[in-house]
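Below you'll find the structure, written out as structure tokens, and then a few comments.
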Amino acid sequence: MDIFDVIYNCRSMRRLDEKPVPTELLVELVGAANQAPSGSNIQMARWLVVTDAGVKKDLAKLNRKGVENYIGPKKTRPAALPHQSKEKRSRMLDAVIWQMEHMASVPAIVMACMDFGEPVNDTMMSRGGGSIWPGVQNLLLSARALGLGATPTTLGLRDRQAVAEVLNLPSTMAAFCLIPVGYPLGRFGTVVRKPLDEVMRWDQWS
Ligand SMILES: Cc1cc2nc3c(=O)[nH]c(=O)nc-3n(C[C@H](O)[C@H](O)[C@H](O)COP(=O)(O)O)c2cc1C
């Protein structure tokens, strides 16, 4: 696959086999994530690869809380979007629920974190995020290129304190993204995005 094939076929893969992923592949993913740019080249991104059953179970519990809240009856989550039919959205929800049920038994969960060097507050969290997401995308693309499935998730990270306790993070660190990684059970497909004429303009917007 060339780089564009990888980019255009990098769907979120939530259904994952329990078969272990070799350590060297997990290291390769983090190696690629670590090549990403960061603001002022500050390189505060840190990558925690969780394979311990107990830690995975605790992260799965936090994810369950987030997903149950997301799918709960009082939510105003749209059933359909202009660019995603009701059927497709409902299939995505089924996959989110499958992932919730199986999170504890995925081979590895990569936690994308930042170490700010001082205790973290909400302002730092919102400013710092920009420097973690390029690494997350590098990791997702590398996983796709290696035939591994992955999904960027944040529903399990709402309770920052609980996440810090599960991962034994110092007060200077925070987790931004939880990425389950494993061999895919489903088939990879092409990503479906809005057409360029909707999201792109030349020179000025209107
Ligand atoms: C910031 C961010 C947060 C996300 N959080 C979750 C999540 O908590 N759970 C989940 O299953 N998917 C999550 N996703 C994945 C999106 O739902 C997915 O990328 C989107 O539906 C498009 O689907 P595709 O990647 O298969 O094209 C997240 C993606 C991003 C970028």
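A few points about this structure:
- Each residue of the stretch 177-191 was assigned a 3J(HN,Hα) from its phi angle through the Karplus curve 6.51 cos²θ - 1.76 cosθ + 1.60 (θ = phi - 60°); the sequence is 8, 10, 10, x, 10, x, 6, x, 8, x, 9, 5, x, 7, 6 Hz, with glycine and proline shown as x.
- Cut-off under 5 Å, modelled amide H: who pairs with Gly182 long-range: Gly149
- Over the stretch 81-179, the hull volume per residue, using the convex hull of the C-alpha atoms, is 138 Å³.
- 3J(HN,Hα) couplings calculated from phi for the stretch 115-126 with the Karplus curve 6.51 cos²θ - 1.76 cosθ + 1.60 (θ = phi - 60°) are, in sequence order, 10, 7, x, 8, x, 8, 10, 5, 4, 5, 4, 6 Hz; Gly and Pro show x.
- ³J(HN,Hα), Karplus 6.51/-1.76/1.60, whole Hz, each residue of the stretch 65-72, x for Gly, Pro: 4, x, 5, 4, 5, 5, 9, x
- A cut-off of 5 Å between modelled amide H atoms, ignoring neighbours fewer than 5 places along the same chain, links Ala174 with Met114, Phe116.
- Across every direction, the projection of the convex hull enclosing the Cα atoms of the stretch 34-116 has a mean area of 8.1 nm².
- Per residue, the chain reaches -12500 deg cm²/dmol at 222 nm when only DSSP H runs of four or more residues are counted, each adding -39500 (n - 2.57).
- Close amide H pairs (under 5 Å, H built 1.01 Å from N) link Cys10 with Val191, residues at least 5 positions away or on another chain.
- Seen from Asp5, the other residues with C-beta closer than 14 Å to its C-beta sum to a net charge of +1, counting Lys and Arg as +1 and Asp and Glu as -1.
- The chain - convex hull of alpha carbons, volume per residue in Å³: 159
- Across the stretch 47-203, Cα pairs under 8 Å and at least six residues apart give a relative contact order of 32 percent.
Coordinate-derived values only; no laboratory data. Owing to the predicted nature of the structure, the values given are computational and were not obtained by experimental measurement. Counting neighbours? That spans all protein chains shown, and the Cβs are built from the backbone with ideal geometry, glycine included.
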